[in-house]
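Undergrad: Below is one structure. I have some questions about it.
We did not get these values from a lab; they are worked out from the coordinates using the rules stated. Because the structure is a prediction, the values reported are computed rather than measured. A quick note on method: Cβ atoms are made from the backbone with ideal geometry, for glycine too, and the neighbour counts reach across all protein chains shown.
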Amino acid sequence: MGTSMDRRQFIKTAAGGVAGAAMLGAMGELPRALAQEKPAPVFPGKKQFAGSGVVRKVTEDILYLGVDDRRIALFENVYPVPRGVSYNSYLLLDDKTVLFDTVDRTALNPFFENLETALNGRALDYLVIQHMEPDHSAALSQVMARYPGVKLLCSAAAAKMIEQFFDFKVEDWGYTVKEGMELSTGKHKLTFVEAPMVHWPEVIMTYDATDKVLFSADAFGTFGALGGNLFADEVNFQEEWLPDARRYYTNIVGKYGQQVQDVLAKAGTLDIAMLCPLHGPIWRQELGWFLDKYSKWSSYTPEEPAAALVMYGSIYGGTENAATLLAKRLSQGGKRNVALCDVSKTHVSDLIAEAFRCGHIALASATYNMDVFTPMKNALTDFAAHNLQNRTYSLVENGSWSPAAASKMEAILSGMKDMRKVGETVTILSTPNEETAQQLDKLGDVILAALDGAAPAQAPAAAESAVGWKCRVCGYIYEGDPLPEDYTCPVCGVDATFFDKVEL
Ligand SMILES: Cc1cc2nc3c(=O)[nH]c(=O)nc-3n(C[C@H](O)[C@H](O)[C@H](O)COP(=O)(O)O)c2cc1C
Ligand SMILES: [Fe+2]
Ligand SMILES: [Fe+2]
């Protein structure tokens, strides 16, 4: 009905429009050549977003130009961000002016307003592109158009990507930089630090030795809009931000633990007073606390070794009952922060974050067409894709005629590194009964002992390869030995001669 009304209305309006035009004609002609008689005005522009951008001082010479995005529902079109996200960008005002990264396309207007305000009439000399992912590089060509003479600085890998995303070559507009290269801007000395696969191959960080600031690209970032705050010590980070910081790291960079460890080792050689990431607040206090989190996450060390994640996939509730009995046993046994998660209701990015937090993962799944219940299967596949490793796990399966979920879960886990099973698999037939409830209690006790470091875990499900080969260009690790002669790096494409043998 609404459609036909709209249509009628449209016809009426259109008819009125025609009649109106005829009437206008009858009232005489508009002055001819209006544009020639009056000089064309210069459009003054309008600050439509005045006030939505926030320029704040980071140090005496460094300004924050970033923009909050509170309307985005899914970051990277996959991660829910109910607290929003910020796209950070920084400007160094020295004898030369240097912009570090831009913002997402949704944030262009306030960003350019911030840039214009911060430059206050000065020219822009350099744009350092630390990361080519479009949430930071979307404004690239517009910066170049608005600030003629700006020189681009980026890695060789970023230069290649620029030709894919834009219609120009870096060699015509700037320079590529390498590890250790320096740029003096007057008072400040900038050094470029390569950070391949944190989390794309072209990433560089920049160290400002004068202010002791590390512009760290996506590393040390977090989901969450800043809302006028700028520094981590201005918010309640431990309670309100840490879960999102963990979810950001584990989901976005979690797979590349080795590469993050490499960067942490380099950062250890620098005198850093401030970490300026591309998302979330800046760190100027308690850097050690946050670096320690990164050290744990990137080495796949459980952040809370004595905590357990109990995750279940249940259609009608029987498996949910079993998982709840198990979680209750763990809680009664004195464990705090036991996370009981329904895989159908919990976003997989939260499950991944919890799995990185906890020392033990208990998996309970209904059997579904002789396989694992699909949301559980998807979650475990995602765990494997994020390189989750070095955890103890236990299994509960459920089925009404031929339970098969445990062996199928085990098949996925066997492809992951250093996953150690504790306790016997508990098999539920439709719903827990007295006997299986007792088995769950027993499993709970074995898990409690494992969390206390007392229970012997069974041998790792998969044979571990102790030796691998590491790409010198991007840090990619090939697990196994020997490296095939005709091997090419799946990340950056170089051949086998670029690989060095490493202990895993
Ligand atoms: C689509 C579908 C496929 C299933 N496939 C199997 C199966 O292959 N083997 C089996 O033993 N049970 C199978 N079941 C039954 C459930 O695994 C069983 O009823 C279980 O107790 C459900 O646990 P829940 O109460 O936690 O949902 C299937 C159920 C559904 C809805
Ligand atoms: Fe990124
Ligand atoms: Fe990013």
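Undergrad: Which value at 222 nm does the chain reach when only helices count, each DSSP H run of 4 or more adding -39,500 (n - 2.57), with the total divided by all residues and rounded to the nearest 500 deg cm²/dmol?
TA: After summing the helix terms and dividing by residue count, I get -9500 deg cm²/dmol.
Undergrad: Just add up the charged neighbours of Lys187: K/R +1, D/E -1, any other residue whose Cβ is under 12 Å from the Cβ of Lys187.
TA: Here the charged neighbours net out to -4.
Undergrad: Region 326-391: which trypsin sites (Lys or Arg not before Pro) are DSSP loop and have at most 11 other beta-carbon atoms within 10 angstrom?
TA: Passing both the DSSP loop test and the Cβ count: Arg336, Lys345.
Undergrad: Please work out how much length the chain gains when fully extended from Trp401 to Ala449, using 0.36 nm per residue of separation minus the C-alpha to C-alpha distance, in nm with one decimal.
TA: 14.0 nm
Undergrad: If you filter region 267-329 for GluC sites (Glu not before Pro), then keep DSSP loop positions with at most 13 other Cβ within 10 Å, what is left?
TA: Here the sparse-neighbourhood loop sites are Glu286.
Undergrad: Here's another thing I want to ask about it. With N set to the number of residues, divide the alpha-carbon radius of gyration of the chain by 2.2 N^0.38 Å and report two decimals.
TA: 1.21
Undergrad: With Rg and the Kirkwood Rh both taken from Cα atoms, where does Rg over Rh land for region 210-349?
TA: That ratio equals 1.05.
Undergrad: On to the next question. Return the sequence-ordered ³J(HN,Hα) values of region 264-281 in whole Hz as given by the Karplus equation 6.51 cos²θ - 1.76 cosθ + 1.60 applied to θ = phi - 60°, using x for Gly and Pro.
TA: Those phi angles translate into 4, 5, 5, 4, x, 8, 9, 8, 10, 9, 8, 10, 10, x, 8, 9, x, x Hz.
Undergrad: Considering only DSSP beta bridges whose two residues both sit in region 293-430, what percent are antiparallel, to the nearest 5?
TA: 5 percent
Undergrad: Nearest 5 is fine: what % of DSSP beta bridges in the chain come out antiparallel, could you say?
TA: Once the DSSP bridges in the chain are tallied, antiparallel ones form about 50 percent.
Undergrad: Follow-up. Would you please state which residues of region 311-341 a label at Thr431 would reach in this model, taking the label point 7 Å out along Cα→Cβ and a backbone N cut-off of under 15 Å?
TA: 315-325
Undergrad: Hey, what do the phi angles of region 222-230 turn into as Karplus ³J(HN,Hα) couplings, whole Hz, using 6.51/-1.76/1.60 and θ = phi - 60°, x for Gly and Pro?
TA: Rounded to whole hertz, the list is 7, 5, x, 6, 7, x, x, 7, 9.
Undergrad: Stokes-Einstein at 25 °C, 0.890 mPa s, Kirkwood radius from Cα pairs: D for region 122-231 in µm² s⁻¹?
TA: Rounded, D is 166 µm²/s.
Undergrad: Work out the FRET efficiency for Glu76 and Glu485 from their Cβ-Cβ distance, taking R0 = 22 Å, and round it to the nearest 0.05.
TA: After rounding to 0.05, the efficiency reads 0.05.
Undergrad: Test of understanding: what is the full-extension gain from Gln164 to Ala265, defined as 0.36 nm times their sequence separation minus their Cα-Cα distance?
TA: 33.2 nm
Undergrad: Under 8 Å for C-alpha pairs, at least 6 residues apart: give me the relative contact order for region 304-451, rounded to a whole percent.
TA: About 29 percent, as a whole number.
Undergrad: Given labels modelled 7 Å from the Cα in the Cβ direction, how far is it in nm from Glu171 to Thr117?
TA: With each label placed 7 Å out from Cα toward Cβ, I get 4.1 nm.
Undergrad: Also: On a straight-distance basis, which aspartates and glutamates could pair with Lys408 in a cross-link, Cα separation under 17 angstrom, same-chain partners fewer than 8 positions away excluded?
TA: Qualifying aspartates and glutamates at Cα under 17 Å: Asp371, Asp382, Glu397, Glu424.
Undergrad: A further question on this structure: When Lys and Arg each count +1 and Asp and Glu each count -1, what net charge do the other residues less than 13 Å away from Arg70, Cβ to Cβ, add up to?
TA: Net charge around Arg70: -1.
Undergrad: Can you tell me the order of 117-123, 63-69, 418-424 when each peptide is scored by its average per-residue count of other Cβ atoms within 10 angstrom, highest first?
TA: 63-69, 418-424, 117-123
Undergrad: Let me ask you something else. Output wanted: per-residue J couplings in Hz (rounded whole) for region 357-372, from phi through Karplus 6.51 cos²θ - 1.76 cosθ + 1.60, θ = phi - 60°, x for Gly and Pro.
TA: With coefficients 6.51, -1.76 and 1.60, one gets 6, 8, x, 10, 10, 9, 10, 10, 9, 6, 7, 9, 6, 6, 9, 6 Hz.
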